[in-house]
Amino acid sequence: MSYLTKNYNRKKISFKYGKGSYLYSTKGKKYLDFVQGIAVNSLGHSHPKLNKALEKQSKKLWHVSNSFKIPEGEELARKLAKKTFADFVMFQNSGTEATEAAIKIARRYFYTIGKPKKNRILCVRNSFHGRTIAAIYASGSKKMTEGFLPKVGGFDHFKFGDHKDLKKMITKNTAAIMVETIMGEGGIKVIPDWCLKGLRKICNKKGILLILDEVQCGIGRTGDFFAFERSKVKPDIVPIAKGIGGGFPLGAVLMNKKVAAGMVAGTHGSTFGGNPLAMKIGSTVLDIVSSRIFMNNIKKNSKYFHYKLQELKEKYPKIIKEIRGRGFLIGLQLYKDQTNFIKKLMDNKLLTIRAAENVVRILPPLNVKKSEIDQALKIIDNVCLKSE
Ligand SMILES: Cc1ncc(COP(=O)(O)O)c(C=O)c1O
């Protein structure tokens, strides 16, 4: 009997501890963890530098109210601003809070400049921006919103990749276009660089803000700090979470000067967001991920992984339909429903997770070793062989 609400379809497996890329179950079994808390444990489990940062800060100060100046938060915000397009940063605790805050920032900007009716947010149908009541209506997904009426208004949707639909849905009241640079839950679908450029152009032309949700694909996951960086596009607002905390709940919204001007004292807040403990851990993750060697390793090892997965696709053309994604945000799209395949991978001690469109989502830690990638490839090969 479990007293936990059944909002998750949990697998009957629990873990005692984790180290690097591995999880160790309560039954003494060792699993190669290519879920990593769904792209959260960016540095794997129990990273010594994160453990040290947590231990050190936990002995000094965990939490103080945001009504005081928090030097640890100032430090992380400064590092993020120096590293990215952002002029300002606002801390939250999770991805959905970060996307909600992004929506508020966009609306508040237009309110501040005397255009309060310019408040609609245009999103991709069947996208994922979190589970709060506004975020589910931002997703434009029946599955996410069923049973949660009344509808939260203010969101319009277009079909992924349909440029005509996108242009049709823009009105004079569109405040922002909010998209995941790489759709995670939606099936690891990448917005090509030229499309991102096109989005920026449309936004500039129509006076619309561009929000790129990098909650899942950001913080080095694709081999660039942000997935949009390769396109050279500059967004106005970027919600982040997951990887920046390395396993500690931490979210943030990065924004430019123009939109930050609307967020004066009292417009938004968070009791927990940006506390010293979270900030020190976030800072440590950022320092590690910011190293050029670390980032080059992600690029090199993920290229190898993609190359080898393509080989498996050619070896099993009736099972694997497509290899999707970039860097260590990988989707193995199957011809059939992926449930059984994921179970077989798990039986062979490789943990992965599903995404839409029959996709097996593969999310190794960013510091995964080549030998661990080889181990995963061997298991995938075996499962493909037995699925033929
Ligand atoms: C792109 C994207 N945005 C927002 C969220 C919501 O994040 P959280 O679950 O931390 O609220 C997620 C979570 O998977 C996500 O992938």
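The values are calculated or read from the model by the stated rules, or taken from the named source; none is laboratory data. Computed from a predicted model, the values in this text were never measured in an experiment. Note that we place each Cβ from the backbone using ideal geometry, even for glycine, and neighbour counts take in every protein chain shown.
Remark: pairs (first residue in region 277-289, among the aromatic types (Phe, Trp, Tyr); second residue crowded, with 22+ Cβ neighbours inside 10 Å and at pLDDT 95 or above; Cβ separation under 7 Å; 6+ apart in sequence or on different chains) are absent. The set of residues in region 130-168 that are within 16 Å of the ligand (Cβ to nearest atom) and either in contact with a strand residue (DSSP E or B) (Cβ under 6 Å, 6 or more places away or on another chain) or of a type in the set (D, E, K, R) (or both) comprises 131, 137, 138, 140, 143, 155, 157, 160.
Could you look through region 99-128, keep only residues that are farther than 20 Å from residue 267 by Cβ and not hydrophobic (A, V, I, L, M, F, W, C), and pick out the one that is nearest to the ligand (Cβ to nearest atom)? Lay out the reasoning, then the answer.
We begin by selecting, within region 99-128, every residue farther than 20 Å from residue 267 by Cβ; these are 122-128.
Retained after the next criterion (residues that are not hydrophobic (A, V, I, L, M, F, W, C)): 125-127.
Numbers: 125: 15, 126: 12, 127: 8 Å.
Filtering region 99-128 for residues that are farther than 20 Å from residue 267 by Cβ and not hydrophobic (A, V, I, L, M, F, W, C), the one nearest to the ligand (Cβ to nearest atom) comes out as 127.
Part of a loop (DSSP other than H, G, I, E, B), among the charged types (D, E, K, R) and modelled with pLDDT of 95 or more: does that describe residue 314? Show your work before the answer.
Numbers: part of a loop (DSSP other than H, G, I, E, B): no; among the charged types (D, E, K, R): yes; modelled with pLDDT of 95 or more: yes.
When the stated conditions are applied, residue 314 does not pass them.
Looking across region 16-65, the residues that are surrounded by fewer than 16 Cβ atoms within 10 Å (Cβ to Cβ), at negative phi, in contact (Cβ under 8 Å) with a residue 12 or more places away in the chain and in contact with a Phe, Trp or Tyr (Cβ under 9 Å, 6 or more places away or on another chain) come down to 17, 25, 26, 30, 63. Residue 62 meets all of the listed conditions (1) of a type outside the set (S, T, N, Q); (2) out of contact with any Pro (no Cβ under 9 Å at 6 or more places or on another chain); (3) away from the ligand (no atom under 16 Å from the Cβ) but one, namely (2).
Suppose we keep only residues that are part of a loop (DSSP other than H, G, I, E, B) and over 15 Å from the mean Cα position of the chain (by Cα) within region 207-243. Which one would you say is farthest from the ligand (Cβ to nearest atom)?
Residues of region 207-243 that are part of a loop (DSSP other than H, G, I, E, B), as a first pass: 207-208, 214-228, 232-236, 241.
With the extra rule that they be over 15 Å from the mean Cα position of the chain (by Cα), the set shrinks to 207-208, 232-236.
On the way: 207: 25, 208: 20, 232: 22, 233: 17, 234: 19, 235: 14, 236: 17 Å.
Here the residue is 207.
Yes/no matrix, rows are residues, columns are (1) under 25 Å from residue 196 (Cα atoms); (2) within 16 Å of the chain's Cα centre (by Cα):
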site	(1), (2)
64	no, no
68	no, no
92	no, yes
95	yes, yes
101	yes, yes
112	no, no
134	yes, no
137	yes, no
141	yes, no
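Output the residue which, of all residues in region 1-59 that are in a helix (DSSP H, G or I) and under 23 Å from residue 222 (Cβ atoms), is farthest from the chain's Cα centre (by Cα). Filtering region 1-59 for residues that are in a helix (DSSP H, G or I) and under 23 Å from residue 222 (Cβ atoms), the one farthest from the chain's Cα centre (by Cα) comes out as 49.
Keeping to region 244-269, report how many residues are more than 15 Å from the ligand (Cβ to nearest atom), touching a residue at least 12 places away in the same chain (Cβ under 8 Å) and aliphatic (A, V, I, L, M). Before you say what the answer is, go through the steps one by one.
Narrowing region 244-269 to residues more than 15 Å from the ligand (Cβ to nearest atom): 255-269.
Subset that is touching a residue at least 12 places away in the same chain (Cβ under 8 Å): 255-263, 267-269.
Adding the requirement that they be aliphatic (A, V, I, L, M) leaves 255, 259-261, 263.
So the answer is 5.
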